[in-house]
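The values are calculated or read from the model by the stated rules, or taken from the named source; none is laboratory data. Given the structure is predicted, the values throughout are model-derived calculations rather than measurements. Using ideal geometry, Cβ is built from the backbone for each residue, glycine included, and neighbour counts are taken over all protein chains shown. Side chains included, ligands, DNA and RNA excluded: accessible areas come from the protein's heavy atoms. Shrake-Rupley method; radii C 1.70, N 1.55, O 1.52, S 1.80 Å.
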Amino acid sequence: MDQFIQEIAREAGGIVRPYFLHAGVKYTKNNDEHDVVTEADLRSNDLLVSRIRAAYPAHGIISEEVPKEQWETDREYTWILDPLDGTKMFTIGWPLFGVMIALAHKGEIEMAAIYFPMTGEQLFAKRGGGAWLNGAQIKTSSRTAIEKSCGSYSDWFGGWRGKEEAVARSLRFTKEMYVHEFVGMHIWSIAPAIKSVAEGRQDWMFSVGSWWDFAPAKVILEEAGCIVTNGDGEPLVPGEAKGIIAANPVLHPQILDILSL
């Protein structure tokens, strides 16, 4: 399965790539103008689902582009797909997007791959086997000083506890950035944030998201040496919508403290 997951991620990326700068929005989700779906999302999903069905017909599939009532969560193995993470970035012409795939065995995330169509870079991680970028093992940063750190966040302040707390968290985080003089970058895609933190180019990340965001993030970032929790500092459960915080073991409690109210 190690090679298979990487192969289908690259194949799906090959389908996505020609649509960049040429893909119109097919529809939006939940009347949210930022949560868009393009032809590239749908074509990538079709490829991934068909390849998995042919190779592993007994496995289940959860996909962002498959209605929830069709998710198969009762199988021994379950594939968790985001056929195009960062569709908003894709539609506005920013090449910060990727194809994300994870495989769970009896509910535990065992491996994941993320392919970046515009750069040809691929992340891969397997539980107990380390995290890899294009065949080279990667590790998260060893930085210990929050005031010298840099990280990424996406849609965190929408949160899961309502707008009032979202505003409070946003104000606290902005204040701490000025006080401690660290850098936070807001992006609409979790895939490049996972890559940057896993390879040590950035020091931390936090985000809200769904199964298809958190499942690959968990195994890749943990295998790269990060502490990965939900937004409350508790063990991350991919099916829960409680956010994700990831950083090296020294910085993680510092980021968690800043984000706590």
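Of the candidates I227, I146, the single residue that is over 21 Å from G86 (Cβ atoms) and touching a Pro at 6+ places or on another chain (Cβ under 7 Å) is I227. Here W94, W188, W132 are screened, and the one residue that is under 13 Å from the mean Cα position of the chain (by Cα) and not aliphatic (A, V, I, L, M) is W188. Considering the stretch 133-150, and only residues there that are assigned to a strand (DSSP E or B) and modelled with pLDDT of 95 or more, the residue that is most open to solvent (accessible area, probe 1.4 Å) turns out to be Q137.
Please state which one of K175, K195, K218 is modelled with pLDDT under 90 and among the basic types (K, R).
Being modelled with pLDDT under 90 and among the basic types (K, R) holds for just one of K175, K195, K218, which is K175.
Taking the stretch 64-87 as the range and being closer than 28 Å to M118 by Cα, modelled with pLDDT of 95 or more and hydroxyl-bearing (S, T, Y) as the test, only T78 passes. Could you go through the stretch 34-52 and let me know if any residue there is outside any helix (DSSP H, G or I) and either open to solvent by 20 Å² or more (accessible area, probe 1.4 Å) or modelled with pLDDT of 95 or more (or both). Within the stretch 34-52 (the criterion being outside any helix (DSSP H, G or I) and either open to solvent by 20 Å² or more (accessible area, probe 1.4 Å) or modelled with pLDDT of 95 or more (or both)), the answer is yes, since at least one residue qualifies. For the stretch 230-248, the set of residues classified as of a type outside the set (D, E) and more than 15 Å from G151 (Cβ to Cβ) consists of N230, G233, P235, L236, V237, P238, G239, A241, K242, listed by residue number.
Does at least one position in the stretch 69-79 carry a residue that is within 21 Å of the chain's Cα centre (by Cα) and open to solvent by less than 20 Å² (accessible area, probe 1.4 Å)? Yes: one or more hits.
Could you go through the stretch 78-95 and let me know if any residue there is touching a His at 6+ places or on another chain (Cβ under 7 Å), within 16 Å of M1 (Cβ to Cβ) and assigned to a strand (DSSP E or B). Yes: one or more hits. Within the stretch 108-120, the set of residues being open to solvent by less than 60 Å² (accessible area, probe 1.4 Å) and part of a loop (DSSP other than H, G, I, E, B) comprises P117, G120. Comparison of V197, V219, V237 shows that the only residue that is under 17 Å from A102 (Cα atoms) and surrounded by 24 or more Cβ atoms within 10 Å (Cβ to Cβ) is V219. Condition check for E181 on (1) loosely packed, with under 14 Cβ neighbours inside 10 Å; (2) more than 17 Å from A246 (Cβ to Cβ); (3) at pLDDT 90 or above: one failure, at (3).
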